[in-house]
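The values are calculated or read from the model by the stated rules, or taken from the named source; none is laboratory data. What you see is a predicted model, and the numbers here were worked out from it, not measured in a lab. Please note: Cβ atoms are built from the backbone with ideal geometry, for glycine as well, and neighbour counts cover all protein chains shown.
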Amino acid sequence: MDYIAEYWNEVIYKYYWIRRIDMAKKRSKKVLDSVLNPQGLPTHGAKSSSIYLKEAAGVTSDQQGQPIPEIKPFTIAPRLNTLDGRTVYLVDIGFGGGYEFLKEMQGWFSKKMPGVKTVLKRKAGNMFMDDPDLWAEIKEKGAAVVLGVGG
Amino acid sequence: MTSARFADYMKQDLQTFGMPLRLSFPPYPVVGMPVSVLQQYIEGNDPVTGKPLMQEVIDALTKPVTEEEKKGEFRIVSRPRLIKPDTEDNLRRLFLENGWTDGLPVILPTEERVAEMLKGTSHKPDEVVGEMSITDSEAGLEYTVEKVAAIAVMAGARPEHLPVILAIASTNETAFPSSTTSFGRMIVVNGPIRKELGMNSGVGALSPLNMTNSIIGRAWTLMTINFGNTRVGETFLGSQGNNLNYNNMCVAENEERSVWDPFHVQKGYKPGESIVSLFRGWSVLNSMGATNQRPAHEETVILLKAFCALLSAATLILDPLVAKNLKEMQCFDTKEKYSQWLSENVKIPAGQYWKADLIYAFVLPLAQQGIEPYATWYKLPDDALITPYNDPRNINIVVVGGETNALWKTTDFHYTTSASIDKWR
């Protein structure tokens, strides 16, 4: 009689696990329709990298219907006709190697374009800090600026 | 100009500010390169564009502005509240492939689960908790109580964990601010909430052996990934990463076995308040039973010299046995006295101090502005001794451990902020 009990145990065991696997497969195929998007929401601020406005004028709300404040893009300054006779500021922002690199750039200008005056400067503070005094000096005395080297 | 390695990051950064600046990319790295190599960079090509570098610089300053540069291109990014319906397997794969997880399995934040989680707080689901970004230049992404609850579900939290997670979220701080240096973080919880949640402050408190310690730390990482706009190689640039970010050293202080005031009381909170405090740094040194041959405070002096002492910051994590020994045998009645003693007794040569890269980047500008004591230190000869941990208030002490041995950890972590957990109940 032992072998009959053993046989039925095997049948019940196999049936139980087949049922379990089958139920798991059905669960995994079930469609979930209410899972939240975990990502944060763009702030619509002027410097938001996640929100862009197509043709800035005229768009007043995004696809979620949230109002967007008026955002005006910056435009770059007009370019110079030539660098000859002009003053170009070379500004080290503070990352390692930047000053040495710009010093070599200054050397390049003095050899290859001696008509360009270059002024090599270190920005005040660390790489993340503003330096309004330097920007004012460049606006007053310079025609162009090379800012670097990031990274 | 930015080195070629950060070209994509820079382009994106300019879009952040809506500024179509002209860029040039010298080869990478620039730091530490001899003059001969820098000259080759100048004479050679921009590795991103293939154009001669100096011609590119000249063109950037002289070629007329194009119509496209005048306009700037913008587009709308959609962030719907719910993900498109799909099977559980496919959604798990979506979360993983979209970079919304830490690589480990998450519990999908269905509306039902999030609604259950929201029972852990009295605050409304649409209340804005804060905004964060892992970079300094990109705008933060906003998140509501509901968003934080969704993250809490993903991390495997229960409703009772939510106030702690919300408190961390309210600081706007990220678990891994983007830096090539790869920051580590620490979370210390004080007050009655530790016992309410069954947090571990004893044996193995810093090991992955306690659900609450693990979940809260993990939730901060998941929030940083999703709210901090973390994109590996684009916004996150940690060269090696930091393994501490898996759970951010989330731990409860062992207030019951400590001979000193809890950390949050030192920061001005009442003992009965539940507070979470955050720390940031890079490195952790273990003491390895050193008190057998040398007292703990003398050994700590040696360990602290290994760090660059950026802005005088350090955090010591002491087993209660060490704290008891320091108080009863070495007469450091308070944490403040011990910090003061360390501040006065850790001395290194000025040359060693100034040659550390972080000191060069962040402290040298202060010396050049005449700020003391850095201005004086900068004028000293290389072999003159200075006390780099000049501000004892920046040497933090937290008591954690189960008293199986008198051990401690010395870190270069500095304290950043604390937040009330009770506010979010």
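Looking at segment B:271-287, can you tell me whether even one residue there is of a type in the set (G, A, S) and surrounded by fewer than 18 Cβ atoms within 10 Å (Cβ to Cβ)?
Yes: segment B:271-287 contains one or more residues that are of a type in the set (G, A, S) and surrounded by fewer than 18 Cβ atoms within 10 Å (Cβ to Cβ).
Just to verify a result, which residue in segment B:154-181, among those that are surrounded by fewer than 24 Cβ atoms within 10 Å (Cβ to Cβ) and among the β-branched types (V, I, T), is nearest to B:R218 (Cα to Cα)?
B:T171
When you scan segment B:195-204, do you find a residue that is within 27 Å of B:R231 (Cα to Cα) and not assigned by TED's automatic domain parsing to the domain that holds B:L14, even just one?
Among the residues of segment B:195-204, not one is within 27 Å of B:R231 (Cα to Cα) and not assigned by TED's automatic domain parsing to the domain that holds B:L14, which makes the answer no.
Which residues, taken from segment A:78-108, are more than 21 Å from A:E140 (Cβ to Cβ) and not small (G, A, S)?
Answer for segment A:78-108, where residues must be more than 21 Å from A:E140 (Cβ to Cβ) and not small (G, A, S): A:F95, A:Y99, A:E100, A:F101, A:K103, A:E104, A:M105, A:W108.
Any residue in segment B:358-371 that is at pLDDT 95 or above, buried (at least 21 other Cβ atoms within 10 Å of the Cβ) and in contact with a Phe, Trp or Tyr (Cβ under 7 Å, 6 or more places away or on another chain)?
So far as segment B:358-371 goes, no, none of its residues is at pLDDT 95 or above, buried (at least 21 other Cβ atoms within 10 Å of the Cβ) and in contact with a Phe, Trp or Tyr (Cβ under 7 Å, 6 or more places away or on another chain).
Looking only at segment A:107-126, count every residue that is under 20 Å from B:D59 (Cβ atoms), in contact (Cβ under 8 Å) with a residue 24 or more places away in the chain and within 11 Å of another protein chain (Cβ to nearest Cβ) and tell me the total.
Summing the residues that are under 20 Å from B:D59 (Cβ atoms), in contact (Cβ under 8 Å) with a residue 24 or more places away in the chain and within 11 Å of another protein chain (Cβ to nearest Cβ) in segment A:107-126 gives 2.
Could you tell me which residue of segment B:184-205 is nearest to the other protein chains (Cβ to nearest Cβ), considering only residues that are among the hydrophobic types (A, V, I, L, M, F, W, C), assigned to a loop (DSSP other than H, G, I, E, B) and crowded, with 20+ Cβ neighbours inside 10 Å? It would help to see each step written out before you state the result.
So in segment B:184-205, the residues among the hydrophobic types (A, V, I, L, M, F, W, C) come out as B:186-189, B:193, B:197, B:199, B:203, B:205.
Remaining after also requiring assigned to a loop (DSSP other than H, G, I, E, B): B:199, B:203, B:205.
Keeping just the survivors that are crowded, with 20+ Cβ neighbours inside 10 Å gives B:199, B:205.
Details: B:M199: 25, B:A205: 28 Å.
My answer is B:M199.
What residue, among those in segment B:42-80 that are facing another protein chain (nearest Cβ under 7 Å) and modelled with pLDDT of 90 or more, is surrounded by the fewest Cβ atoms within 10 Å (Cβ to Cβ)?
The residue in question is B:P64.
Exactly one of (1) at the interface with chain A (Cβ under 10 Å from one of its Cβ atoms); (2) closer than 26 Å to B:R231 by Cβ is unmet by B:E112. Its number?
The failed condition is (2).
If B:D126 meets every condition in (1) in a loop (DSSP other than H, G, I, E, B); (2) more than 7 Å from chain A (Cβ to nearest Cβ); (3) in contact (Cβ under 8 Å) with a residue 24 or more places away in the chain apart from one, which number is that one?
All conditions pass for B:D126, except number (3).
Pairs, please: C-beta under 6 Å, at least 6 apart or cross-chain, first residue without any contact (Cβ under 8 Å) to a residue 24 or more places away in the chain and in segment B:292-310, second surrounded by 13 or more Cβ atoms within 10 Å (Cβ to Cβ) and among the charged types (D, E, K, R)?
Note: no pairs meet the criteria.
This table checks each residue for (1) surrounded by 15 or more Cβ atoms within 10 Å (Cβ to Cβ); (2) of a type outside the set (S, T, N, Q); (3) more than 27 Å from B:F263 (Cβ to Cβ).
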{"position": "B:L318", "(1), (2), (3)": "yes, yes, no"}
{"position": "B:A323", "(1), (2), (3)": "yes, yes, no"}
{"position": "B:K327", "(1), (2), (3)": "yes, yes, no"}
{"position": "B:F332", "(1), (2), (3)": "yes, yes, no"}
{"position": "B:K335", "(1), (2), (3)": "yes, yes, no"}
{"position": "B:Q340", "(1), (2), (3)": "yes, no, no"}
{"position": "B:S343", "(1), (2), (3)": "yes, no, no"}
{"position": "B:Q352", "(1), (2), (3)": "yes, no, yes"}
{"position": "B:A375", "(1), (2), (3)": "no, yes, yes"}
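Answer yes or no: is there a residue in segment B:130-141 that is within 11 Å of another protein chain (Cβ to nearest Cβ), among the polar types (S, T, N, Q) and either over 18 Å from the mean Cα position of the chain (by Cα) or buried (at least 19 other Cβ atoms within 10 Å of the Cβ) (or both).
Yes, because at least one residue in segment B:130-141 is within 11 Å of another protein chain (Cβ to nearest Cβ), among the polar types (S, T, N, Q) and either over 18 Å from the mean Cα position of the chain (by Cα) or buried (at least 19 other Cβ atoms within 10 Å of the Cβ) (or both).
For every residue, the table says whether it meets (1) closer than 30 Å to B:K11 by Cβ; (2) of a type in the set (D, E, K, R); (3) crowded, with 18+ Cβ neighbours inside 10 Å.
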{"position": "B:N213", "(1), (2), (3)": "no, no, yes"}
{"position": "B:I216", "(1), (2), (3)": "no, no, yes"}
{"position": "B:N226", "(1), (2), (3)": "yes, no, yes"}
{"position": "B:T235", "(1), (2), (3)": "yes, no, yes"}
{"position": "B:N243", "(1), (2), (3)": "no, no, no"}
{"position": "B:N248", "(1), (2), (3)": "no, no, yes"}
{"position": "B:D261", "(1), (2), (3)": "no, yes, no"}
{"position": "B:H264", "(1), (2), (3)": "no, no, yes"}
